[in-house]
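Right, one structure below, let's go through it.
Just so it is clear, none of the values below were taken in a lab; they were calculated from the coordinates. Just so it is clear, the structure is predicted and the values come from calculations on it, not from any experiment. Every residue, glycine as well, gets a Cβ built from its backbone with ideal geometry; the counts of neighbours run over all protein chains shown.
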Amino acid sequence: MHRYEWWIFPGLFGLLREVKCKLEQIEGRLVESPQLGREPGVMEAEFTRLGIELVLKKSLTYRVPGPLYIPKEGWGSPCDTVELPAWLCEEDIKYYTSKYEKSGFTGPLNYYRCLDLNWELTAAWVGAQIKVPVKFIVGDLDLTYHSPGIQEYIHNGGFKKYVPLLKEVVVERGVGHFINEEIPDKIAAHIHEFISKF
C-alpha cells in the first residue's frame, strides 16, 4: 500500500506543525486531492474536465467529515448536478465561476503543493503563541475538523498550548467548512457575546 506523508493545515493559525499524518491509498480511491495533488496540471486537468462551475458547487457543498478524497476515476461527470444549500445561491456560484475562469485553480492548488516550503519559511515561528483572547468555532461537518489528529489536538490541550488565552471551543452541529455563510446569525451572536466580555 502506497503512503503519502503530509502536514495538515486546517486553518488553525498554522499551529499544527506537530500533527503529521500518513494517508494511505483507500480501496477504489486514490488519495489525489487538492491537498495531495502535488503534480502541477493533474488536478487542473480534472477541474477543466468537470467545468469550473461544477467544481465550485462540489467544493463548496462538500459535507463529508474527513479529508477530501477524489476517486482515481475522477470526481464525477460534467453532467452531475449539485443541489445548493440555502446559504449558497446560483448568483454566488456564477460570480465565483467568472473569477476562476480568469485565474484558474493553479494558484489555490499551489498553496497546498507548497506546504513543505511554507513550513521552512515559517520555521522561526515554531512554538510561537497567540496571546490574545480566543473563541474558536468549528462545524462538526468541517472536513478539516475530521482530519487525523485534529479533534484530539483541539480538545486535549494541544491547541491551548499555543493559544493560552483560549476561552472556549464551540463545535456547531450540522455545519460544514463555510461556517460564516452557513450560520451567519449564530456566528454574529457568538462574536457579540465574546467581545461583550471585554
By a straight-distance test (C-alpha under 24 Å), which lysines pair with K135 as possible cross-link partners, with residues fewer than eight away in the same chain excluded?
K160, K161, K167, K186, K197
Test item: Cα-centred dipole of the stretch 127-195, Lys/Arg +1 and Asp/Glu -1 on Cβ, debye
420
List Y112, Y162 from most exposed to least, where exposure is judged by having the fewest other Cβ atoms within 10 Å.
Y112, Y162
If R0 = 25 Å, then T106 and F136, at their Cβ-Cβ distance, give a FRET efficiency to the nearest 0.05 of 0.20
Along the stretch 58-67, Karplus-curve 3J(HN,Hα) (6.51, -1.76, 1.60; θ = phi - 60°) to the nearest Hz, with x for Gly and Pro, reads 5, 5, 6, 10, 5, 10, 9, x, x, x
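Any chance you could run the full-extension gain for N156 through E44? It's 0.36 nm times the residue separation minus the Cα-Cα distance, nm to one decimal.
On the way: separation 112, 0.36 × 112 = 40.32 nm, distance 3.78 nm.
In short, 36.5 nm is gained.
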Put a dot 7 Å past each Cα toward the Cβ at K99 and L165; how far apart are the dots in nm?
3.1
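Roughly speaking, what % of Cα-Cα pairs in the stretch 79-121 are separated by over 17 Å, rounded to a whole number?
Summing the P(r) tail past 17 Å for the stretch 79-121 gives 56 percent.
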Hz values of 3J(HN,Hα) by residue in the stretch 105-117 - Karplus curve (6.51, -1.76, 1.60), Gly and Pro given as x:
9, 4, x, x, 5, 4, 4, 6, 5, 9, 4, 4, 5
